[in-house]
1. If I ask for residues that are within 13 Å of chain B (Cβ to nearest Cβ), surrounded by fewer than 21 Cβ atoms within 10 Å (Cβ to Cβ) and among the aliphatic types (A, V, I, L, M), which ones from segment A:115-141 would you list?
2. Among the residues of segment B:91-112, how many are open to solvent by 70 Å² or more (accessible area, probe 1.4 Å) and out of contact with any Gly (no Cβ under 7 Å at 6 or more places or on another chain)?
3. Among the residues of segment B:252-261, is there at least one that is crowded, with 21+ Cβ neighbours inside 10 Å and not acidic (Asp, Glu)?
4. Name the residue, out of B:195, B:168, B:174, that is in a loop (DSSP other than H, G, I, E, B), closer than 22 Å to residue B:271 by Cβ and within 9 Å of chain A (Cβ to nearest Cβ).
5. Report yes if residue B:265 is loosely packed, with under 15 Cβ neighbours inside 10 Å, more than 14 Å from every other protein chain (Cβ to nearest Cβ) and either assigned to a loop (DSSP other than H, G, I, E, B) or aromatic (Phe, Trp, Tyr) (or both), otherwise no.
6. If residue B:285 passes every condition in (1) within 14 Å of chain A (Cβ to nearest Cβ); (2) at pLDDT 95 or above but one, which one does it miss?
7. Restricting attention to segment B:306-319, does a residue exist that is aliphatic (A, V, I, L, M) and within 17 Å of residue B:183 (Cβ to Cβ)?
8. Here is a list of conditions, (1) within 14 Å of chain A (Cβ to nearest Cβ); (2) assigned to a helix (DSSP H, G or I); (3) of a type in the set (Val, Ile, Thr), and residue B:187 meets all of them except one; can you say which number that is?
Amino acid sequence: MELEDLKEIIELLKETDITELQVEKDGTKVKIKREKFLQPFEIAAQKPSVVPVQETIVKEIVAEDSEQRLITITSPIVGTFYRAPSPEAPSFIEIGQRVKKGQALCIIEAMKLMNEIESEADGVVVKALVENGQPVEYGEPLFLIDPA
Amino acid sequence: MPESILNLLTSCDAFVSGQEISTRLGVTRAAVWKKISGLRQKGFVIEAVPSKGYRLIRAPDLAADYLLPRVKGALWKDILVRDTVDSTNDLAISLAAKEGITPGTVIIADRQKSGKGRLGRRWESPGGKNIYMSMVIRPELAPRDVTMLTVLAAVAGARTIQKTGNIPVTIKWPNDLMLADKKLGGILTEVRADPDRINLAVIGIGINVNMRPADFPEELRNIATSVRSGAGHAVARNDIIIELLRELEHWYGILTKEGKKPLLHAWRKDSSTLGRKVRIAIGNTTMSGIAEDIDDNGMLQLKMHSGELRNISAGDITFLR
C-alpha cells in the first residue's frame, strides 16, 4: 500500500461518521482510528445547539444599538429597481456584505436611463427594502446600511 | 496660443491664401506647405489653387480636430476619438471617475467590442460604418427631472437624422430612433445621481449610419435599418455627429431656459408610439393597452382596457397594430 493511498483513505474518512477502519491489501494491514472529538463534522454538529442563542442576543443588541444610526438609501427618481446590472449578472451586493462609500448598490431605471445608486457610507448592508424588478417612487427607501 | 492651420481652413469654406496662413500662424510659406502635406497624409482632402490658396474639401471620417471647432461652445468642450473601445459609455464613465474629464466631453469610437444596450443587451457595433458616441455632461436639472435627458436625446437624435438623411425618423418610447418600425438608433443614458443633485450623466447614442442590410446579423435584419437604407445613399458620419451635437445643445438650452414643455411637445410630434396599441414587457410581466400620452417627465401613460391610466417608467414595447 502506497502512502498516497493512505492519505486518500484518511481524507475520505473525514467526510464520514466512521471513526474506525481496517484495510488489508497485499499482506499489509492498516488500521485507522479517529477520535470522535477531532472530527470537524462533529464539531459543526454540536455548534447549532449553543450558538444560535448567542447570535440572537448579539443581533438584538445590534438592532437596539444601531436603529438610529442605520443609513437609509433612497431612490432619487421614479423607476424600476434592479439588484444586478443585467438579468444574467450577479447582484451588485448581497445582504450582510460590507460596502465602501461610493460602491454601487443597485440600478434604478427610468426611460432607458440607468441610475446606479451608490452607498453613501462605509458599512454593512443590513436589509434590502425592495424586490428586484419592482417599481419605486421618488424618495422610496431601498437599503438600510449599518455604518459600523 | 497659436492658431492651427486646420482652424483657419475649417472656419470658412472659401479659399485661404498661403500668404494669409503664413502671416496668421507666423511661419514661412514653406512651412505652410509642409503642414498642408501633413494634413493630406492624415486623410484631409485639401484643394490648392495657385492664385487663390487652399480650401478644405473633405475631412477624414471621425477627425476630432475637424469636428471640435464646429461644435465647441456653451455645452461641448472636447472630443476624444478612439479606434476601438469596449463601450463608449463604459469608457466615458471610467474616464470621468479616474481622471475627472471635463463635463462637455464627447467620446466617439469607430468600433465597439461590447457595445451595450439596456440591461446588458448587446448593440451591434462593427467598424467603419456607424456612430457610437457618449457625451459626458453635468446637467443643471433636478434629479427628479433627470428622465428629461432621455427625451432630449431622443428629440435631438430624431431631428438630426431627419435633416442629414432627409428621412422621416420617428421616436419609439422612450427613445428608440425608428424608420418604418425598424430600429435605426438607440440611446442609453447612465447617470450618477443622489436625491440632491445629478453628479454625472453619460448619454450614449448608437446610430446605424452606413450599414447595408447584409451587414446586419440575420436576427436583426427584419427589425433594424440604417440611415443609408432609408436615404438611398451613404451619409458622412462627420455630418451627423456635428448636427447631433448642435441639436443637443439647442434643446438643452431650451430645456434649461424655458422648461420641459417645448421639449415634451417636440417629442410628441416625432413620436410613432402615441395612439397605438402596445404590449409592454416589464421584467417578467407584460401588459397591453393604448399608449395614450407621456406625462410631464416623459413617462408613458398606458390606457388599460379598464380605462385606467397607468404610468410606465421602464419596459420593452411591442406594437400590436
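The values are calculated or read from the model by the stated rules, or taken from the named source; none is laboratory data. Note that the coordinates shown come from a computational prediction; the quantities given were computed from them, not determined experimentally. As a convention, Cβ positions derive from the backbone with ideal geometry for all residues, glycine included, and neighbour counts pool all protein chains shown. Protein only, heavy atoms only, side chains kept; ligands, DNA and RNA dropped before computing areas. Shrake-Rupley method; radii C 1.70, N 1.55, O 1.52, S 1.80 Å.
1. Answer for segment A:115-141, where residues must be within 13 Å of chain B (Cβ to nearest Cβ), surrounded by fewer than 21 Cβ atoms within 10 Å (Cβ to Cβ) and among the aliphatic types (A, V, I, L, M): A:121, A:130.
2. 4
3. Looking through segment B:252-261, at least one residue is crowded, with 21+ Cβ neighbours inside 10 Å and not acidic (Asp, Glu).
4. B:174
5. In short, no.
6. If we test residue B:285 against (1) within 14 Å of chain A (Cβ to nearest Cβ); (2) at pLDDT 95 or above, just (2) comes out false.
7. yes
8. (2)
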